[in-house]
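Asker: Before I ask anything, let me first share the structure, which is written out below as structure tokens.
The values are calculated or read from the model by the stated rules, or taken from the named source; none is laboratory data. Source: prediction; values computed, not measured. Ideal geometry is used to build each Cβ from the backbone, glycine not excepted, and the neighbour counts take in all protein chains shown. Note: areas computed on protein heavy atoms with side chains; ligands, DNA, RNA excluded. Shrake-Rupley method; radii C 1.70, N 1.55, O 1.52, S 1.80 Å.
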Amino acid sequence: MRTANIERNTLETQIKVSVNLDGQGEARLETGVPFFEHMLDQIARHGMIDLDIQANGDTHIDDHHTVEDVGISFGQAISEAVGDKKGITRYGHAYVPLDEALSRVVIDLSGRPGLTFNADFTREKIGQFETELVFEFFQGFVNHAQATVHIDCIRGHNAHHQAETIFKAFGRALRMALSADERMTGKMPSTKGSL
Ligand SMILES: [Mn+2]
């Protein structure tokens, strides 16, 4: 079973993340940040990952620490659950539209952290959620999943749509990268021999 349970406690946040990479896309999310939960739900559904995230953060200050630390903990969970990466596809990509918005996400479960992020959100806030935190989530994720991720919001003028296409494309790309490559069973998807 490709599962992991992560618990991460700091003075700013207390977070528990459970993942099942071969799940049904079911999410149980309690973060205190409703729009963020709507986005995490997209990762679960489109990634076909069962995702349980319980986060208690210092949201009386703002949502920054909670969003960033959920990204860190989710990255740790993916890294642990994927194991030695034998037999997986490794690379994943997806384009996802939502009405006028379109995003592309490309992932390499490379063992090296790297984020390229191009999204010009048309609003600073979606409801109470600050759009600059989308970057913080993915920065936390790549650092701890040890993944290379290229995110491009190609177009869009509704910021809710812009963010949603990024998270849906990320979920789809992650699903592809984590999926079994049947011709690669037992083999590392790298000539280096490890990732
Ligand atoms: Mn929506």
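Asker: If I compute solvent accessible area with a 1.4 Å probe over the protein chains, what percent of it on segment 3-184 is carbon and sulfur?
Answerer: The C+S portion of the solvent-accessible surface of segment 3-184 is 44 percent.
Asker: Could you give the dipole magnitude of segment 26-129 about its Cα centre, charging the beta-carbon of Lys and Arg +1 and that of Asp and Glu -1, in debye to the nearest 20?
Answerer: 560
Asker: Taking the 0 to 90 degree range and rounding to the nearest ten, how far is the long axis of helix 34-47 tilted relative to the main principal axis of the chain, both from C-alpha atoms?
Answerer: 20
Asker: Quick check: pseudo-label points 7 Å beyond the Cα along Cα→Cβ at Tyr95 and Met184, how many nm apart are they?
Answerer: Between Tyr95 and Met184, the label points sit 2.3 nm apart.
Asker: If you place +1 on the Cβ of every Lys and Arg, -1 on the Cβ of every Asp and Glu, and leave all else neutral, what size is the dipole of segment 1-77 about its Cα centre, to the nearest 20 Debye?
Answerer: So the dipole magnitude of segment 1-77 works out to roughly 280 debye.
Asker: Please compute the modelled spin-label separation between Ile61 and Phe117, points set 7 Å along Cα→Cβ, answer in nm with one decimal.
Answerer: Result: 1.8 nm between the two label points.
Asker: Solvent-accessible area per residue for segment 3-184 at a 1.4 Å probe radius, Å²?
Answerer: That works out to 45 Å² for each residue.
Asker: About its Cα centre, what dipole magnitude does the chain give when the only charges are +1 on Lys and Arg Cβ and -1 on Asp and Glu Cβ, stated in debye to the nearest 20? Before the final figure, lay out the partial values.
Answerer: Working: 19 positive and 28 negative charges, 223 e Å.
Here the size comes out at about 1080 debye.
Asker: What are the ³J(HN,Hα) values, in whole Hz, obtained from phi via the Karplus relation 6.51 cos²θ - 1.76 cosθ + 1.60 with θ = phi - 60°, for each residue of segment 147-158 in sequence order, with x given for Gly and Pro?
Answerer: Per residue, the Karplus-derived 3J(HN,Hα) values read 10, 9, 9, 10, 10, 10, 7, 6, 7, x, 10, 9 Hz.
Asker: For the chain: lysine pairs with Cα atoms under 21 Å, gap of 8 or more or different chains, count?
Answerer: So the count of such lysine pairs works out to 5.
Asker: Hey, another quick one. Which far-off residues, 5 or more places away or on another chain, put their amide H under 5 Å from the one on Arg28, with H placed in the peptide plane?
Answerer: Those qualifying (amide H under 5 Å, at least 5 residues apart or on another chain) are Leu51, Asp52, Ile53.
Asker: Now a separate question. Count the net charge of all other residues whose Cβ sits under 12 Å from the Cβ of Val105, scoring Lys and Arg as +1 and Asp and Glu as -1. Write out the running numbers ahead of the final one.
Answerer: Details: positive: Arg104, Lys168, Arg172, Arg175; negative: Asp108, Asp152.
Its environment carries a net charge of +2.
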